[in-house]
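Below is one structure; the comments refer to it alone.
The values are calculated or read from the model by the stated rules, or taken from the named source; none is laboratory data. For clarity, every value in this text was computed on a predicted model and none was experimentally measured. Glycine gets a Cβ as well: all are built from the backbone with ideal geometry, and neighbour counts include every protein chain shown. To get the accessible areas, we keep the full protein, side chains included, count just its heavy atoms, and leave off ligands, DNA and RNA. Shrake-Rupley method; radii C 1.70, N 1.55, O 1.52, S 1.80 Å.
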Amino acid sequence: MLITGWIKEHPLLLLLALATALTFAWLMAVRRRLGIKWYAAALTAALNMALGVLSVKLFAVIEAGFDFSAFSKQSLFGAVLILPLAYLAAGKLFKRKAADVFDCMTPPVVLTLFCARISCILTGCCLGTYMPGGAARWPTREAELVFYAAFLAVMIPRILKERGRGTAWPIFMIAYGAFRFVCEFFRESRTFAGVFHLSHVWAMLSLLLGLSILFEIRRRSQKHTSKKAR
């Protein structure tokens, strides 16, 4: 009874633990590409979760105008816009190619966001607005879960086959930004300007950054191919 009560009161902690375990399993599947042992995979999974939680809390602080009382809250855009900085730093520190780091860390981020959104359903936050007639709400959280599941179903085989090397993360930024931009119109949130929420800004930023990164990757790839042809 005590354990059951604790689980009901702390669903997010349980879900994050599940996401960490799934991240470890995934990292074991791609450990050769990253050049890591099982203990490094375990440590990476734990650190990834810790940094992910820190990033979403820091982003909530940023959204609140750097009011650190908002540190108790979370904004999922932190995992998309802040966490990549840690991946860049880790790649340089451990001398791993950025393309491999970001490809391999994309599914763990999506899995973690999936678990975080399940927590929203369990705790009753991040609701959709009422549909016309006011009888039911738009299933924005459920739609987001479908988005994550579909993205993983498409992207995981691509990453395992090393197709489109280095493009997994920018594709996620583009897809997530586009999805959230549309989804925000149906979410219950404080408006920022007219019908727009502050999250519309972050969604557009994610989309544009993803596009710029993807174009740069393809530009470099074409440049490399043309040099080989000579």
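Details
- Taking every protein chain into account, the accessible area of the chain amounts to 57 square angstrom per residue (probe 1.4 Å).
- Note on the chain: with a GNM built from Cα contacts shorter than 10 Å, the maximum mean-square fluctuation among 107, 11, 170 falls on 11.
- Cβ-based charge dipole, the chain, positive-most Cα from 209, 18, 198: 209
- Paramagnetic reach from residue 158 (point 7 Å along Cα→Cβ, amide N under 17 Å) across the stretch 60-102: 99-102
- Per DSSP, loop chymotrypsin sites (Phe, Trp or Tyr not before Pro) in the stretch 50-102 with at most 11 further Cβ within 10 Å: 66
- Extension gain, residue 142 back to residue 204 (0.36 nm per residue minus Cα-Cα distance, nm): 20.2 nm
- For q = 0.24, 0.25, 0.31 Å⁻¹, Debye-computed log10 I/I(0) when each Cα of the stretch 114-154 counts as one equal scatterer: -0.79, -0.83, -1.01
- The aspartates and glutamates within cross-link reach of residue 92, meaning a Cα-to-Cα straight distance under 13 Å and a gap of 8 or more places when in the same chain, are 100.
- Over all pairs of different C-alpha atoms, the stretch 137-230 has a mean inverse distance whose reciprocal, the Kirkwood radius, equals 15.1 Å.
- For the residues 109, 195, 56, a GNM of the chain with alpha-carbon springs under 10 Å puts the largest fluctuation on 195.
- Between the alpha-carbon centres of the stretch 83-118 and the stretch 152-230 there is a gap of 14 Å.
- Carbon plus sulfur fraction of accessible area for the chain, probe 1.4 Å, in percent: 69 percent
- Tail beyond 23 Å, pair distance distribution of the stretch 1-143 (Cα, percent): 44 percent
- Modelled this way, with points 7 Å down the Cα-to-C-beta line, the labels at residue 212 and residue 17 are 4.1 nm from one another.
- Full extension of the segment from residue 50 to residue 188, taken as 0.36 nm per residue of separation minus the current Cα-Cα distance, would add 46.9 nm.
- Helix runs (DSSP H) in the chain reaching 18 Å along axis by Cα, Kyte-Doolittle at least 1.6: 11-29
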